[in-house]
Amino acid sequence: MSEISIVLIEDHDLTRMGLRAALQSHSALKVVGEAANATQGLKLLETTKPDVAVVDIGLPDMDGIELTRKFKRYQTETGQSNTKILILTMDHTEDAVLAAFAAGADSYYMKETSISKLTEAIQATYGGNSWIDPSIANVVLRKMRQGIPGDSQSSDKPKTVKIEALATEYEQVLETYPLTQRELEILELIVAGCSNGQIAEKLYITVGTVKTHVRNILNKLCADDRTQAAVRALRSGLVG
């Protein structure tokens with residue numbers, strides 16, 4: 001397996017140094033650059049084109065969400081879409097989580113989680129799968145159920161960005177093979193972090209039936225796993 005190239009964008013020197021040392025100890029990972037602010041980070045991403053960028057939200061000159069939005073726009077304009085964005089933060093508030101995925105973040109990782117889990121998150125993100133903690137999925141689902149505030153919200157509150165729609169190819173698949181009511185129910189429980197056994201218990205069906213529905217959901221959402229399906233469901237508003 002080839003090394004996964006990583007850029008660290010984190011303003012706290014000790015945190016950045018600790019992350020670099022921990023990641024470099026993993027034979028499959030290689031830190032190819034680091035930056036202490038968003039301005040340097042954007043330039044670094046454009047020049048090094050790493051596989052994964054680990055981006056802290058609380059950067060001094062521009063937050064990690066805005067950095068993500070600008071870099072994703074750059075990728076769209078240049079056609080260079082290889083780099084994945086993994087947001088690294090202590091912030092699990094509704095506004096931060098929702099805005100990060102709306103900006104185009106591929107994964108959302110909480111800092112208090114173990115470093116071994118971070119390597120898993122990086123590898124999953126590199127493989128095209130979004131890493132999202134079940135607690136974060138619950139935050140976003142709860143926010144969607146409440147409804148997203150409009151422009152009438154007060155200016156001193158964090159801005160909430162609407163979740164982006166599915167990519168065109170996913171929309172076309174869903175138009176041809178729309179989710180059934182039962183599949184939507186199961187998808188909502190997947191987003192809520194329920195296991196197959198828990199879903200079976202809640203819906204009074206067998207685990208085998210749940211597995212069949214989950215397989216159909218993954219196919220219709222063009223998702224590789226449950227986590228990726230959950231993120232795409234949240235982005236598109238399929239659940240709420």
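The values are calculated or read from the model by the stated rules, or taken from the named source; none is laboratory data. Since we're looking at a predicted model, the values are computed, not measured. Glycine gets a Cβ as well: all are built from the backbone with ideal geometry, and neighbour counts include every protein chain shown. Note: accessible area is taken over every heavy atom of the protein model, side chains too, but ligands, DNA and RNA are not part of it. Shrake-Rupley method; radii C 1.70, N 1.55, O 1.52, S 1.80 Å.
Here are the numbers for this structure:
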item	result
Residues of segment 199-240 that turn out to be at pLDDT below 85, of a type in the set (V, I, T) and in a helix (DSSP H, G or I), as a count	2
Qualifying positions in segment 19-42 - part of a helix (DSSP H, G or I) and either open to solvent by 40 Å² or more (accessible area, probe 1.4 Å) or hydroxyl-bearing (S, T, Y) (or both)	R20, A21, Q24, T39, Q40
Selection within segment 1-18 - polar (S, T, N, Q), in a loop (DSSP other than H, G, I, E, B) and closer than 17 Å to M90 by Cβ	none
Some residue of segment 4-23 being of a type in the set (S, T, Y) and modelled with pLDDT of 95 or more	yes
Restricting segment 197-231 to residues that are touching a Gly at 6+ places or on another chain (Cβ under 9 Å) and without any contact (Cβ under 8 Å) to a residue 60 or more places away in the chain, the residue that is surrounded by the fewest Cβ atoms within 10 Å (Cβ to Cβ)	V207
